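The values are calculated or read from the model by the stated rules, or taken from the named source; none is laboratory data. Quick caveat: nothing in here was measured; it's all calculated off a predicted structure. FYI the Cβ positions are ideal-geometry reconstructions off the backbone, even for glycines, and counts take in every protein chain you see. The area values use the complete protein model at the heavy-atom level, side chains included, leaving out ligands, DNA and RNA. Shrake-Rupley method; radii C 1.70, N 1.55, O 1.52, S 1.80 Å.
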Amino acid sequence: MVPALRYLVGACGRARGLFAGGSPGACGFASGRPRPLCGGSRSASTSSFDIVIVGGGIVGLASARALILRHPSLSIGVLEKEKDLAVHQTGHNSGVIHSGIYYKPESLKAKLCVQGAALLYEYCQQKGISYKQCGKLIVAVEQEEIPRLQALYEKGLQNGVPGLRLIQQEDIKKKEPYCRGLMAIDCPHTGIVDYRQVALSFAQDFQEAGGSVLTNFEVKGIEMAKESPSRSIDGMQYPIVIKNTKGEEIRCQYVVTCAGLYSDRISELSGCTPDPRIVPFRGDYLLLKPEKCYLVKGNIYPVPDSRFPFLGVHFTPRMDGSIWLGPNAVLAFKREGYRPFDFSATDVMDIIINRGPAGVRAQALDRDGNLVEDFVFDAGVGDIGNRILHVRNAPSPAATSSIAISGMIADEVQQRFEL
């Protein structure tokens, strides 16, 4: 067992970790069917794999890449319900490469963010992916904020965030000529990137190493195969059956789910507890007018208020040159509800059944309505419990930490499945 993880005995053997949820080379298979992407893929009706990863977002793709690089002799597949990869949380975020300053010292979240940011910059350089290490100022504008700012600075030093310094008004103006504040933390290691481009590069690495990606495969069932009278070799070697909404099947030995907004529902399909539940909150941004974008050079954040579990409204430059201001946090009435009036009755019922703290940008909530900050792993009971790993919660900054996270997931898979 990986030392960083501790296990809690629950209804389905839940393991809550201390460890902080247009593709490249598309082969052009007909839209509407599970669509393999190049890299030795097979059709859904005949495919069998040693390991299947459910979820084609940045965490799932990074994990698939890490697993196949570590175990090149295994057949590994990724299943994604959309026709393209990385179109939800990975493709709908601010694009900030976080430095790791905000998180509790010695927490896995802090360690993974600092390590992950360094790995991400290195990866982008190796792959020629554009990014900007534009830095960030966390600015105190009131005297009462200065003690909190200083405490945050000390936390960042404990976390090993590189290059931090406290600066005064004159240096604030030098960094951001149109920003006014009493004191600020200068975080030069913060940057911006297009995370969907990063995720698609992970997918390309995975496929070039022999991995397979099937899109248009919406998982609706995960179960142990019912033994046939003939005791088929395929049934014994690949005992898990994953079914999609079209009735097609994938066979495999082991499953890792990284289903993001649907992590609770996918986990339930294999007989696991519904907790922690995902409660979706939408974050809306404003855009600065193009002629006003010169006012902001890098990321500008307020001093976070410990009463709230988010970082506050901030200015964020984008790779396309635009400047975002936000986000707010409003309850979304659909898990993939990116527009104000998107609605799903099923998603609303889940929210009503699990009431959470109002105004919180929740990633996952436990039974008591508390925000779940750390990674949560699930395993089913019985035979399937030895063959499945659910990544139930991948809290921010998961995109920044994705390469570091994938290494820990690969460690856990290797230990749990005895690969």
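Data overview
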{"read-out": "Residues of region 288-338 satisfying the condition of being of a type in the set (A, V, I, L, M, F, W, C), at pLDDT 90 or above and open to solvent by 40 Å² or more (accessible area, probe 1.4 Å)", "value": "LEU295, PHE315, MET319, TRP324"}
{"read-out": "Any hit, region 173-187, residues being among the acidic types (Asp, Glu) and not in a helix (DSSP H, G or I)", "value": "yes"}
{"read-out": "Residue within region 144-152 that is modelled with pLDDT of 95 or more, assigned to a loop (DSSP other than H, G, I, E, B) and of a type in the set (A, V, I, L, M) present", "value": "no"}
{"read-out": "Count of region 192-224 residues which are in contact with a helix residue (DSSP H, G or I) (Cβ under 7 Å, 6 or more places away or on another chain), at pLDDT 95 or above and not in a helix (DSSP H, G or I)", "value": "5"}
{"read-out": "Hey, ILE146 open to solvent by less than 50 Å² (accessible area, probe 1.4 Å) and over 28 Å from ALA62 (Cβ atoms) or not", "value": "yes"}
{"read-out": "Identity of the residue in region 86-102, touching a strand residue (DSSP E or B) at 6+ places or on another chain (Cβ under 7 Å) and farther than 17 Å from LEU164 by Cβ, that ends up least open to solvent (accessible area, probe 1.4 Å)", "value": "GLY95"}
{"read-out": "First in region 248-271 and within 11 Å of ILE388 (Cα to Cα) and open to solvent by less than 20 Å² (accessible area, probe 1.4 Å), second anywhere and modelled with pLDDT of 90 or more and assigned to a loop (DSSP other than H, G, I, E, B), Cβ under 7 Å, 6 or more apart", "value": "CYS252/TYR238; VAL255/ARG387; THR257/GLY55"}
{"read-out": "Complete set of residues in region 369-401 that are farther than 22 Å from ARG277 by Cα and open to solvent by less than 10 Å² (accessible area, probe 1.4 Å)", "value": "THR400, SER401"}
{"read-out": "Answer from ARG265, ARG180, ARG251, ARG196 - the residue that is charged (D, E, K, R) and touching a Phe, Trp or Tyr at 6+ places or on another chain (Cβ under 7 Å)", "value": "ARG251"}
{"read-out": "Region 122-143, residues that are open to solvent by 10 Å² or more (accessible area, probe 1.4 Å) and of a type in the set (Ser, Thr, Tyr)", "value": "SER130, TYR131"}
{"read-out": "Residue in region 103-112 that is modelled with pLDDT of 95 or more and either more than 30 Å from LEU164 (Cα to Cα) or open to solvent by less than 30 Å² (accessible area, probe 1.4 Å) (or both) present", "value": "no"}
{"read-out": "Every residue from region 368-410 that is farther than 23 Å from ASP50 by Cα, part of a strand (DSSP E or B) and of a type in the set (Val, Ile, Thr)", "value": "VAL376"}
{"read-out": "In region 153-172, residue least open to solvent (accessible area, probe 1.4 Å) [restricted to those that are more than 25 Å from GLN115 (Cβ to Cβ) and part of a helix (DSSP H, G or I)]", "value": "ILE172"}
